[in-house]
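Remarks on the structure that follows.
Just so it is clear, none of the values below were taken in a lab; they were calculated from the coordinates. Here the structure is a predicted model, which is why all the values come from computation and not from measurement. Here Cβ is always computed from backbone atoms with ideal geometry, including for glycine, and neighbour counts include all displayed protein chains.
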Amino acid sequence: MQHRLVEAIESALGWNGPSQLGTSFALGSLPDHQDLLPRLMTPACLLDTVMRRGLSHPQFRAFQNGRELHPGEYFTDTVTRRGQGVRFANMTRLGALMKEGATLVLDELDFFDATMEVACRALQWWSHELVQVNAYLTTQDAAGFALHWDDHDVLIVQVAGEKSWDVRGVSRPVPLYRDAEPNNTPPEESVWRGVLKAGDVMHIPRGHWHQATRTDCGDGYSLHLTFGIVKRTGVNWLTWLTDQCRRDEVFRTDLGRWTEAAEQAGQEQELALALGRLAAEFPPSTFLAARERERPAARHVQTAGLFGPPTALVCVTDFPPFLEFDGEHIRVIASGKQITLRSKAEPALRLMLSGMPVDIAQASMESGVDARELASILIEEGLCAELTDELSSGYTGWIRHVRSSNER
């Protein structure tokens, strides 16, 4: 999937692929950001999303004067005529807070906005890691969060306005959210201090302390998007191994609490040997591949053909589907499923699983196979989704030309 935001981030940071994620702090400016940023998100669009969606705390939060406000200060509860309680954001109150100076935070914006959904999926296909995006709107001279660190790598895109940042190094190497030791003391020296302006992009690796504020910026506002990228660790691999060990009887056997010492020692040795065999049979590379192939596809609209046959579709798996050839057949492995098809379907299949929106009739002409039947299978199995108008809008202006299966 060739997405303009991914290409722009690589260009801004001087990267060639995702290998530098999490390695070091990086800062740059997006090329053509005057064109890209309004398509990505605006303050008005964010507020419109807040107004129209059924949000709740803590997914949507507000901060003022260095403290998090109680949800009752910006949410309104009402009762329908049938006695049903409904909560929604009080836009009048939010407007007053923003005028005074406040920070509004909406987590997982990709759940509510098609452009953000597609951007996160593109970053996932690029990085082979899970990605979510949070939005931070700060007005006037409001402060942001106190100095803190994240347990994941982040890519920060300054969409509008300005905000001052202080980024420092790590005080504990590769810290975890659930860790063996606390990580409470930030380093004294800064890696970078400065002001992010619209179009700037910054990469902060996991564990680096940082804070952002507008206390020195005066009147105005700032909107930035934080793409959180959660990479897998050895802890995740070992957690996965605990499920794989259930295959072996030696791990399912009760531990000999009351047996003789010699028998306990024998069991311990047997377990240690079995654990070594298990780790060799299921190395980290197998874990990473299994994770990509078993991850369920993203949420998507399913009409079951009730409103007519679909005319276009797009692949919605969290990671690129894996294709495996076996003589006259081709197997598609994704979302915990395995679909076997005739090898003649390969040209249309590659087009439909490219991550780009595909017109089904055009795919039939280009591939020489009946793409309608193939599209029906991919949609029914949940690997692809019908291209609704809303979902289509998330790709508009962001996706490069899809190479035809007949082009060379």
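Annotations
- FRET efficiency, 1/(1 + (r/R0)^6) with R0 35 Å, evaluated for Thr388 and Tyr177 via beta carbons: 0.45
- For region 269-343, the set of GluC sites (Glu not before Pro) satisfying both a DSSP loop assignment and a count of at most 13 other C-beta atoms within 10 Å is given as Glu328.
- Global geometry of region 312-393, whether rounded, prolate or oblate, following the gyration tensor of its Cα atoms and the 1.5 cut on a/c: oblate
- Global form of the chain, assessed from the alpha-carbon gyration tensor, a/c cut-off 1.5: oblate
- Sites listed here are chymotrypsin sites (Phe, Trp or Tyr not before Pro) in region 17-105 whose DSSP assignment is loop and whose Cβ has at most 14 other Cβ atoms within 10 Å, and the list is empty.
- Of all aspartates and glutamates in the structure, the ones whose alpha carbon falls short of 16 Å from that of Lys344, not counting any fewer than 8 places away in one chain, are Glu324, Asp326, Glu328, Glu366, Asp370, Glu373.
- In order along region 119-136, the phi-based Karplus estimate (6.51 cos²θ - 1.76 cosθ + 1.60, θ = phi - 60°) of 3J(HN,Hα) comes to 4, 5, 5, 4, 5, 5, 5, 6, 8, 6, 10, 6, 9, 9, 10, 10, 10, 10 Hz; Gly and Pro are listed as x.
- Taking label points 7 Å from Cα along the Cα-to-Cβ direction, Ser343 and His70 give a separation of 7.0 nm.
- Which of Leu55, Leu238 has the fewest Cβ neighbours within 10 Å, and the rest in rising order: Leu238, Leu55
- Residues of type aspartates and glutamates that Lys99 reaches as a straight line, Cα spacing below 20 Å, ignoring anything fewer than 8 places off in the same chain: Asp48, Glu68, Glu73, Asp141, Glu162, Asp216, Asp219
- Gly355 long-range amide H proximity, modeled H, under 5 Å: Cys315
- Loop sites in region 295-384: chymotrypsin sites (Phe, Trp or Tyr not before Pro), DSSP, at most 13 other Cβ within 10 Å: Phe307
- Counting only lysines at least 8 places from Lys337 when in the same chain, those with an alpha carbon closer than 28 Å to its own are Lys231.
- Shape call, region 1-76: gyration tensor on alpha carbons, a/c limit 1.5: prolate
- GNM flexibility winner over the chain from Arg232, Arg39, Arg246 (Cα, springs under 10 Å): Arg246
- Karplus-derived HN-Hα couplings along region 295-308 (A = 6.51, B = -1.76, C = 1.60, θ = phi - 60°), whole Hz, x at Gly and Pro: 5, x, 5, 5, 4, 7, 6, 10, 9, 6, x, 5, 10, x
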